[in-house]
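Colleague: Before I ask anything, let me first share the structure, which is written out below as structure tokens.
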Amino acid sequence: MTERHPGDGHHTHDGHHREDGAGHVSTGTKETAGDNGAEAAIPELVIISGMSGAGRSTAAKCLEDLGWFVVDNLPPALIPTMVELGARSQGNVARIAVVVDVRGRQFFDALRESLADLDAKQVTRRIVFLESSDEALVRRFESVRRPHPLQGDGRIVDGIAAERDLLRELRGDADLVIDTSSLNVHELRAKMDAQFAGEEEPELRATVMSFGFKYGLPVDADLVVDMRFLPNPHWVPELRPYTGLNEEVANYVYNQPGAKEFLDRYTELLQLIAAGYRREGKRYVTIAVGCTGGKHRSVATAEKLAARIAAEGVETVVVHRDMGRE
């Protein structure tokens, strides 16, 4: 069976609501509803946006399956109205996900105004941005024989470039960026489940990702660590076949001068950064740990760093992007 890409499929989420049956997440923010003086919780809001073909519909479907009230392609100007209606639902709509398809400057300006309005009302909102490489997007559009919505009389790559330029500021404001270039539908759903499946939201979630510089920087990284200052186990014949998950490789890496000191000091730095993220309301952080090939030093460091972060009470996921790729 052929795997479908995250960007495949059609938009089918037009406000269908599915009860989760497990209770709703309260944001702690209240407003008065109706004339009876009753207080209603303002719904938690997730805005899903990103590149066309990067998997917005798949991400939305995943949240719908988790019990969120999902509205597809809602005009940005109507987002505050949607939240207000949810607040009047007497708790029946406690979590709203909105898919925003920003294809024009006018819509983008309306989105910025809506975000400012939500912030003024102290609405708990997060932006999930779906990203993908130009090559992956071109392949997906060609596979379904559809034009890019912004290409006009030009090529698919012209439409992609125009959309990427239009969304650059929104991407910078995103709380969670997911690169779907090498993900299929099931892998994207797993990433969304990892972030949203819990009944209670943790203060901060961290993804620690090892990677190889020769394969390129992860586009969804918030912080990047370069471990190439340590000797490479690749040049030790008895260690070369193994990865950083091997105890002997990990011991070799962290018996090198400066390795343990680096881990201690970087952990302290992350504590400072995490405190700032919490103050700013940022709930997700991706820490990319790199070495030449993403096999030895970065893998060993990612594992140790993730253990340190988890010990601080941060929910942590470890991903080894390039391990086994050589």
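Colleague: Can you tell me the FRET efficiency between ASP173 and VAL236 if r is taken as the Cβ-Cβ distance and R0 is 51 Å, rounded to the nearest 0.05?
Modeller: Result of the calculation: an efficiency of 0.70.
Colleague: Once the convex hull of the C-alpha atoms of region 145-219 is built, how many Å³ does it hold per residue, rounded to a whole number?
Modeller: 156
Colleague: Next question. When the convex hull of the Cα atoms of region 64-180 is projected onto a plane and the area is averaged over all directions, what value comes out in nm²?
Modeller: Convex hull of Cα atoms, orientation-averaged projection: 8.2 nm².
Colleague: Counting Lys +1, Arg +1, Asp -1, Glu -1, what net charge surrounds TYR215 among other residues with beta carbon under 12 Å of its beta carbon?
Modeller: Charge balance near TYR215 sits at +2.
Colleague: Could I ask something else about it? Using C-alpha positions alone, give me the convex hull volume of region 253-295 per residue in cubic angstrom.
Modeller: 78
Colleague: Here's something else I'd like to know. Using a cut-off of 27 Å between alpha-carbon atoms, which lysines can reach LYS61, once sequence neighbours fewer than 8 places away in the same chain are excluded?
Modeller: LYS191, LYS282
Colleague: Roughly how many nanometres apart are two label points built 7 Å out from the Cα toward the Cβ at ALA116 and LEU263?
Modeller: The two pseudo-label positions are separated by 4.8 nm.
Colleague: Please give me, ordered by residue number, the trypsin sites (Lys or Arg not before Pro) of region 150-214 that lie in loop per DSSP and have at most 16 other Cβ atoms within 10 Å.
Modeller: ARG155
Colleague: Right, another one. Name the lysines eligible as straight-distance cross-link partners of LYS121: C-alpha to C-alpha under 16 Å, and not fewer than 8 places from it in the same chain.
Modeller: LYS30
Colleague: In whole Å, what is the distance between the alpha-carbon centres of region 136-152 and region 265-318?
Modeller: 36
Colleague: Scaled to the compact-protein estimate 2.2 N^0.38 Å, what is the alpha-carbon radius of gyration of region 195-326, rounded to two decimal places?
Modeller: Computed over Cα atoms of region 195-326, the ratio equals 1.06.
Colleague: Net charge near ASP134, counting Lys/Arg +1 and Asp/Glu -1 over other residues with Cβ under 15 Å of its Cβ?
Modeller: Cβ neighbours under 15 Å give a net charge of -1.
Colleague: Going by amide H atoms built from the backbone, whose H comes under 5 Å of the H on ASP226, apart from near neighbours?
Modeller: GLY290
Colleague: Report the equivalent ellipsoid semi-axes for region 274-326 in whole Å, largest first, defined as the square roots of five times the eigenvalues of the gyration tensor built from alpha carbon atoms.
Modeller: The three semi-axes for region 274-326 are 25, 12, 8 Å.
Colleague: Order 260-268, 308-316, 92-100 from most to least packed using the mean count of other Cβ atoms within 10 Å.
Modeller: Descending packing order for the listed peptides: 92-100, 308-316, 260-268.
Colleague: Which of rounded, prolate or oblate describes region 86-132 when judged by the alpha-carbon gyration tensor and an a/c cut-off of 1.5?
Modeller: Judged from the Cα gyration tensor, region 86-132 comes out prolate (a/c at least 1.5, a/b above b/c).
Each value in this text was obtained by applying a stated rule to the coordinates, not by laboratory testing. Please read these numbers as outputs of a predicted model, since none were measured by experiment. Every residue, glycine among them, receives a Cβ derived from its backbone with ideal geometry; neighbour counts consider all protein chains shown.
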